[in-house]
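The values are calculated or read from the model by the stated rules, or taken from the named source; none is laboratory data. Predicted model only: the values in this text are computed from it and were never measured. Don't worry about glycine lacking a Cβ; one is built from the backbone with ideal geometry, like all the others, and counts go over all protein chains shown. With ligands, DNA and RNA removed, areas are computed over all heavy atoms of the protein, side chains included. Shrake-Rupley method; radii C 1.70, N 1.55, O 1.52, S 1.80 Å.
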Amino acid sequence: MSHTMWRLAPAKINLYLGVHEGVDGDGYHRVDSIMVPVGLCDLVRLELNDSGRTLVEFEGDDVAGIPANNTVVAAMRGMVAAFGRDAGMHVVVRKRIPAQSGLGGASSDAAVAMLALCDAWGIDPRDERVAAVARSVGADVPFFLTMVPGLFVGRGDVQEEEYPAVGGEDVVLV
């Protein structure tokens, strides 16, 4: 069995970010954020195979500091656990989004790998188990499951409103 697919994993920008005082029981601030995807993208390749193991590799100029237990690894492990599937997969991420830039590159990579796995496994990406895995990986990951501009609340992981007409303008990132 071999199944290979490539996907674009876009960056995002916050048009608004409000951080509230105090933290919840897990140490997170409550935030309000309006997020939109932008055209700067990483490229994610997922290949399913019969190896029984998960291999995640990164390519690009800024990959030396990516930890072994990164968001893509966490997302793939979470999906395997949530859906009780074998973990025979090879994920390659070509990094173009600068690390630690606030553009959500790691979250986008994880979400796009999850969406590719949903396609390969025939799972509806709106399945609550997919959303739960996304929230467990990171606050921005749920946004990248839909990539619809909107207002996100809570830890930034719950979409309260959609703004599909927002975006489409040229953006310069400096």
Given R₀ = 35 Å, FRET efficiency for residue 166-residue 59 by Cβ-Cβ distance, to 0.05? 0.65
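How big is the charge dipole of the chain about its Cα centre, in debye rounded to the nearest 20, if each Lys and Arg gets +1 on its Cβ and each Asp and Glu gets -1 on its Cβ?
Details: 14 positive and 24 negative charges, 82 e Å.
Around 400 debye, computed over the chain.
Pull out a ≥ b ≥ c, the square roots of the eigenvalues of the alpha-carbon gyration tensor of the stretch 27-66, then state rounded if a/c is under 1.5, prolate if not and a/b is larger than b/c, and oblate in the remaining case. Provide the component values of the computation, followed by the final result.
On the way: a/c = 2.06, a/b = 1.73, b/c = 1.19.
In terms of gyration-tensor shape, prolate.
Can you tell me how the chain classifies by the Cα gyration tensor, rounded, prolate or oblate, using a/c under 1.5 as the rounded cut? Mind showing how you got there, number by number?
Details: a/c = 1.68, a/b = 1.42, b/c = 1.18.
Prolate shape, in that a/c is at least 1.5 and a/b is the bigger ratio.
Apply the a/c threshold of 1.5 to the C-alpha gyration tensor of the stretch 82-143 and tell me whether it is rounded, prolate or oblate. Kindly include the intermediate steps, with their values, before the conclusion.
Values: a/c = 2.40, a/b = 1.46, b/c = 1.64.
Verdict is oblate for the stretch 82-143.
Order the peptides 54-67, 26-39, 136-149 from the highest to the lowest mean number of other Cβ atoms within 10 Å of their residues. Write down the numbers at each step before the final one.
Numbers: 54-67: 13.9, 26-39: 15.5, 136-149: 21.5.
Averaged packing, sorted descending, gives the order 136-149, 26-39, 54-67.
For the chain, give the share of DSSP beta bridges that are antiparallel, in percent and rounded to the nearest 5; count only bridges with both residues there.
Numbers: 28 of 34 bridges.
Expressed as a percentage, antiparallel bridges in the chain total about 80.
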I'd like to know which of 93, 34, 107 lies farthest towards the positive end of the charge dipole of the stretch 30-107, counting +1 on Cβ of Lys and Arg and -1 on Cβ of Asp and Glu. 34
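Please list 157, 124, 170 in order of solvent-accessible area, largest first, computed with a 1.4 Å probe with all protein chains present. Display every interim value, and only then the final one.
Values: 157 25, 124 70, 170 155 Å².
Descending order: 170, 124, 157.
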Highest mean first, what order results for 69-75, 47-53, 98-104 on Cβ atoms within 10 Å? 69-75, 98-104, 47-53
